[in-house]
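Please treat every number below as a calculation from the coordinates, not as lab data. Small disclaimer: the values here were computed from a predicted structure and weren't measured. With ideal geometry, Cβ positions are generated from the backbone for all residues, glycine too; neighbour counts draw on all protein chains shown.
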Amino acid sequence: MSRGRRQAMAERHKQALEAFTEGMRRAWANPALAALDAKVCREEDCPHTPRQGLVRVDSNGALHIDPARRAEPAAWAWALAHCVLHLGFGHVPAASGQRVQPDRYDLAARCAVVNRFLLTFSVGETPEDLPGSYPDGDEEQLAARWRRDGIPAAYTHCGTAGGAPDQVLLPWAGSWGNQQPTDWQIAFAHALTRTMSAAMDMAGGRRESLRDGAAPLRPWQAALNWFVSSYPLLGGIAAGITLVADAELARAHDISVAAVSPEAGEIYINPVRRYTSEEWRFILGHELLHAALRHGERCGGRDPYLFNVAADYVINGWLREMDVGDMPEGLLYDAQLAGLSAEEVYDRITTDLRRMRRLATLRGKGRGDILGEPPVRRPHDYVDLDTFYRRGLIQGFDLHQRQERGLLPAGLVEEIRALSHPPLPWDARLARWFDEFVPRPEPVRSFARPARRQASTPDIPRAGRYFPPEEVARCTFGVLLDTSGSMGRVLLGKALGAIASYAQARDVPAARVVFCDAAPHDAGYLPVTEIAERVRVRGRGGTVLQPGIDLLQRADDFPPSAPLLVITDGDCDVLRVRREHAYLVPPGATLPFTPRGPVFRVR
C-alpha cells in the first residue's frame with residue numbers, strides 16, 4: 001500500500017472517530033442514557049461488530065462499533081440511544097449460562113418499540129428510511145401479532161445493524177468485579193427517576209443543569225427531592241411546592257426554622273439554621289402535612305395559634321411513627337396524645353392557656369408556622385387549592401399503598417380518606433336536615449271534598465285530596481330571623497329562599513316565623529311560598545335572640561317536636577335552645593357559644 005493511500009485511510013479513520021466521539025457525547029449528554037454505563041467496543045476483529053449498520057448491543061452492556069464506519073454525529077447519537085434503550089427496556093437481559101437468541105419477530109417488535117419511544121425522546125436524528133409512526137402495543141403484543149399476520153415491510157429492518165440483528169444475548173461475563181448479572185431495567189428506571197427529579201429542580205430554579213453535580217443541592221433541597229422521588233404519599237404535593245430560602249425574609253417575618261403558606265404553595269426556610277438531611281426531611285414533611293391536611297382552613301372559630309400547636313403534636317407523632325427523617329430537638333411531641341385528632345388535642349390543651357402560649361412551633365415561640373397570607377406576593381396561576389392538596393395527597397396515598405412503602409398511622413389514614421369525600425354544600429346539608437327533622441304531611445282523600453271530575457268521565461265522582469288540621473300542626477318548623485343592623489341582605493335572601501324551596505318541596509303548608517332584634521316580633525304562621533317573597537322585615541336594632549326563642553318554646557300553637565332554624569350573623573347573645581335546632585350563618589362567622597345543633601354556613 002502506497003504512502004499516500006495509507007495517509008488517506010488514516011485521515012478517514014480520524015474523521016470517523018471524531019464523528020463517533022461527537023455522537024457519543026450527544027447521546028451521553030442525556031443523564032438517563034449515560035447512567036447505564038454501557039461500554040464501547042471498536043475492535044475490528046470482534047465477532048459482534050456489525051458489518052453493515054452502525055451499532056450492535058449485547059446483554060453484557062457492550063456497544064459494538066465498526067471503527068471504519070463513517071456517519072454523521074446525529075446518526076451516531078440516535079443509534080447509540082437506540083441500543084442503550086434495548087438495555088433499559090429489558091430486551092437484552094443479562095443472565096448466566098447458555099442463551100437463546102430472539103427470533104426475527106421479537107427483534108422487529110423490540111426495535112419498533114424503541115423507535116416509537118425515540119420519536120418523543122429527542123436524541124440525535126432519526127434515519128430518513130425509517131417509518132414516521134409505529135403501531136400501538138408492547139413488544140410481546142407486536143411480536144404475537146406479526147407471527148400471526150407477518151411483519152410489515154416497513155418494520156422488517158428497523159434496527160441499527162443493517163439487515164443483521166442489533167441485539168445479542170451472551171452469557172454474563174461480569175462487570176467491574178461484579179459477578180452477578182446486572183439488571184439493566186432497574187438501573188434505567190433509577191436513572192429516569194433521577195433525571196425527572198433533576199428536571200423538576202431545573203423548573204423550580206434549584207439547579208441549572210440535568211447533569212449530576214452541576215449545582216450542589218442544599219440539604220433542604222435534597223430533602224424535598226427525596227419526597228418527590230422516594231416518598232409517594234407526599235411526592236405529588238412536594239412537586240408543586242416551592243422552597244423559599246431567604247434569610248432576610250425569615251428575619252423580617254420571625255421565621256425561626258420554617259413556615260408554610262398553603263395559599264401561595266410555598267415553604268419558607270431559614271437558611272441560617274443548621275440541620276442534618278434527615279432532620280430537614282422531618283421539617284419539610286411537617287410543613288407538607290400542614291398544607292395537605294388544610295389545617296389553616298380547619299381552624300374555624302378556634303384560636304389559630306393553639307390549633308396550630310395541636311396540629312403540631314399530631315403531625316410530629318405521625319412522622320415519628322412513619323419514621324420520616326429525624327425529629328429535631330425542641331419540637332412538640334407527647335406520646336400520651338397518640339391517636340387523637342387535632343381537634344381533640346385542641347380541646348385538651350386549652351385547659352392550660354398560659355403554658356401553651358409559651359410553646360414553640362417551627363416558626364418560633366408564640367407564633368404559628370401556618371401562614372394565612374404569603375409574606376411576599378408573587379404572580380402565580382394556581383388551580384383551586386382544596387383540589388390541589390386533596391388530589392395530591394389522595395393520589396400519593398394510593399401510590400404509597402400500591403408500592404407497599406410501609407404502614408401509616410391510623411389517624412392520618414382516616415384524615416386522608418375523609419379528604420377524598422369533600423364536604424357537602426350547605427344547601428344540600430340543609431336539605432338533609434329538613435328530611436330528618438321536618439316530617440312530610442300525609443294527605444287524606446275523602447268524598448266529603450270531591451275532586452274535580454275528569455272530562456272523559458263527568459258522571460264518576462272522585463275523592464278529593466287535602467291536609468287535615470292535625471297534619472298541618474304536626475308538619476311545621478320555626479324560623480327565628482335576626483333582623484339587626486349587622487345582618488346582610490344577601491344572607492337573608494339566600495337563607496330564606498333555601499328554607500322556602502325545601503319546605504315547599506316537602507309539602508309543608510306553613511312555618512312559624514319570628515323576627516328578632518332588640519325585641520321579638522311574632523309574624524305567626526306564614527305560608528312557605530310567602531316566606532321569601534312578601535315578608536316585611538321588622539326592626540333594625542340590636543341583637544338579642546333569646547326572647548324570640550323563649551316566645552316559640554312557650555307558644556301553645558307551636559308543636560313541642562317542631563324544629564327551629566336560627567338565621568343570624570353570629571353577633572348575638574348566648575342562646576339556650578331546648579328543642580331540635582340548627583343555625584344558618586355567613587361564611588367566617590363564629591357564634592359566641594358552643595352550638596349544640598348543626599351550623600350551616602351560607603355561601
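Using Cβ-Cβ distances only, list the Cys residues of the chain with no partner cysteine under 4.7 Å, sorted by number.
C41, C46, C83, C299, C475, C516, C572 - these cysteines have no disulfide-compatible partner (Cβ-Cβ under 4.7 Å) in the chain.
Highest mean first, how do 560-573, 146-159, 51-64 rank when packing is the count of other Cβ atoms within 10 Å averaged over residues? Don't skip to the end; give the middle numbers.
Details: 560-573: 19.4, 146-159: 15.8, 51-64: 21.8.
So the peptides 560-573, 146-159, 51-64, ranked by packing, come out 51-64, 560-573, 146-159.
Which shape class applies to region 217-419: rounded if a/c is under 1.5, otherwise prolate when a/b exceeds b/c and oblate if not, where a ≥ b ≥ c are the square roots of the Cα gyration tensor eigenvalues?
It comes out rounded by the Cα gyration axes.
Of (i) 134; (ii) 286; (iii) 176, which is the value of volume of the Cα convex hull per residue in Å³ derived from the coordinates here?
Here volume of the Cα convex hull per residue in Å³ agrees with entry (ii).
Report for the chain the percent antiparallel among DSSP-assigned beta bridges with both residues inside it, nearest 5.
Details: 19 of 46 bridges.
DSSP beta bridges in the chain are roughly 40 percent antiparallel.
In percent, what relative contact order does region 10-184 have, based on Cα pairs under 8 Å that are 6 or more apart in sequence?
Relative contact order comes out at 30 percent.
Please rank V314, V309, fewest neighbouring Cβ atoms within 10 Å first, as an exposure proxy.
V309, V314
Counting only residues 5 or more places away or on other chains, whose amide H sits under 5 Å from the amide H of T160 once H atoms are built in the peptide plane?
HN-HN under 5 Å from T160: D166.
Quick check on packing: order 240-249, 102-111 by the mean number of other C-beta atoms within 10 Å, highest mean leading.
102-111, 240-249
When only Cα pairs under 8 Å and 6 or more residues apart are kept, what is the percent relative contact order across the chain?
Rounded, it is 9 percent for the chain.
Given an 8 Å cut-off on Cα distances and at least 6 residues of separation, report the relative contact order of region 217-419 as a percent.
28
Ranked highest first by the average count of other Cβ atoms within 10 Å around their residues, in what order do 292-302, 8-18 fall? Working shown, then result.
On the way: 292-302: 18.6, 8-18: 12.2.
In descending order of packing, they fall as 292-302, 8-18.
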